Amino acid sequence: MHAEDSVRYQMPAETFTKVSAREQAAITAAICDGTAEGTRCDTCPESTPEASGGFTLKDLFVGHFLTPHSTDALVTVSGCEERHASIGWGFLVTRRAGVWEAHGDMLGLELGHCHAMQFRSGRQFLVCEGYGMESFQLMHGVNVVFGKGGSIGFRNLLTATDTTRLCDAQSRVQAAQIDKIEFGDLNGDGVEDVSFTASFGAMRDSKRRRDLCQEAQDRKPGTPGPGPSVMKTYRIKYLFDGERFTLTKESEAAAKLFRWEN
């Protein structure tokens, strides 16, 4: 992914429960389709054992993701990005009778910058921040990641999409970014909520814009082309009632603005 200068995380990487080397090796073996040694597997997910490559355990968060009393883990691996055209692969595993078992997986899952929360039942989940690049569209998003039956559940709260690197014709060229992510009780019910401060600007497309964009790409791929002259700041709030996140009424117009469709 290019545009590293625009990748700025607003959420710190939290410290979760430490996991022993023995447990890490057992989790690696549970998600490995080939031969596992320590935190290394010699086969990428959904590949034949004869295929080259493999992965290494990356992020690992142990918690109660399936039930309030189960011992589960959400994990990601690195090393198979080229084979599967993704920045990461995530897994949900659970420990039963002392043995780790794989339950579900998700392509493109990022767990490097997450905040732990829990449902009213005591079952835990993560709110995670991540970046993605698709056809020179830089996407900065915050998502809820949770256990759902035997799989990984996923809900997007906000994505700021910047299309100023895309030199093709667009119905609307936009720049967007998430400037701040805050957790706290917003309505006095004693439950942690989440709010975003985000910036947005748009401009009309033109041949001149596309030409200047291409010049920037020719000099350094991933460099933004011409962008909006004015960026406005918005506040978007979600209330969490112990079961689900609900967008506040006053945030609806701003949230709709950030839903990008070309």
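Among the residues of the range 119-135, those that are closer than 23 Å to GLN10 by Cα, more than 12 Å from the chain's Cα centre (by Cα) and modelled with pLDDT of 95 or more comprise GLN124, PHE125.
When the range 191-211 is examined, which residues are found to be open to solvent by less than 60 Å² (accessible area, probe 1.4 Å), in contact with a Gly (Cβ under 9 Å, 6 or more places away or on another chain) and either farther than 22 Å from HIS115 by Cα or among the hydrophobic types (A, V, I, L, M, F, W, C) (or both)? Selection gives VAL191, VAL194, GLY201, MET203, ARG209.
Pairs meeting the criteria (first residue in the range 28-46 and part of a loop (DSSP other than H, G, I, E, B) and open to solvent by less than 60 Å² (accessible area, probe 1.4 Å), second residue of a type in the set (Asp, Glu) and at pLDDT below 95, beta carbons under 9 Å, at least 6 apart or on different chains) are CYS32/ASP42; GLY34/ASP42; THR43/ASP33; THR43/GLU50; CYS44/ASP33; PRO45/ASP33; PRO45/ASP105.
In the range 163-176, what residues are without any contact (Cβ under 8 Å) to a residue 60 or more places away in the chain and either closer than 29 Å to LYS249 by Cβ or not in a strand (DSSP E or B) (or both)?
Across the range 163-176, the qualifying residues are LEU166, CYS167, ASP168, ALA169, ALA175.
Scanning the range 205-213 turns up no residue that is under 19 Å from ARG155 (Cα atoms) and not small (Gly, Ala, Ser).
Only one entry of GLU215, GLU182 meets the criterion of being more than 30 Å from THR76 (Cβ to Cβ) and open to solvent by 40 Å² or more (accessible area, probe 1.4 Å), and that entry is GLU215.
Which ones in the range 145-154 are open to solvent by 10 Å² or more (accessible area, probe 1.4 Å) and either within 15 Å of ARG123 (Cβ to Cβ) or touching a helix residue (DSSP H, G or I) at 6+ places or on another chain (Cβ under 9 Å) (or both)? Residues satisfying the conditions are PHE146, LYS148, GLY149, GLY150, SER151, ILE152. Taking the range 1-27 as the range and being at pLDDT 90 or above and outside any loop (DSSP other than H, G, I, E, B) as the test, the residues that pass are ALA21, ARG22, GLU23, GLN24, ALA25, ALA26, ILE27. Check the range 229-239 and report whether any residue there is over 23 Å from GLN10 (Cβ atoms) and surrounded by fewer than 17 Cβ atoms within 10 Å (Cβ to Cβ). There is at least one residue in the range 229-239 that is over 23 Å from GLN10 (Cβ atoms) and surrounded by fewer than 17 Cβ atoms within 10 Å (Cβ to Cβ). Residues that are in contact with a Gly (Cβ under 6 Å, 6 or more places away or on another chain) and under 20 Å from GLU46 (Cβ atoms) number at least 1 in the following strands (runs of 3 or more DSSP E) confined to the range 72-142: 72-78, 89-96, 99-107.
Applying the selection to the range 214-253, what residues are in contact (Cβ under 8 Å) with a residue 40 or more places away in the chain and acidic (Asp, Glu)? Passing the criteria: ASP241, GLU243.
The values are calculated or read from the model by the stated rules, or taken from the named source; none is laboratory data. The structure presented is a predicted model; accordingly, all values stated were derived computationally and were not measured. Don't worry about glycine lacking a Cβ; one is built from the backbone with ideal geometry, like all the others, and counts go over all protein chains shown. When the accessible area is computed, the model is the full protein with side chains, heavy atoms only, and any ligands, DNA or RNA have been set aside. Shrake-Rupley method; radii C 1.70, N 1.55, O 1.52, S 1.80 Å.
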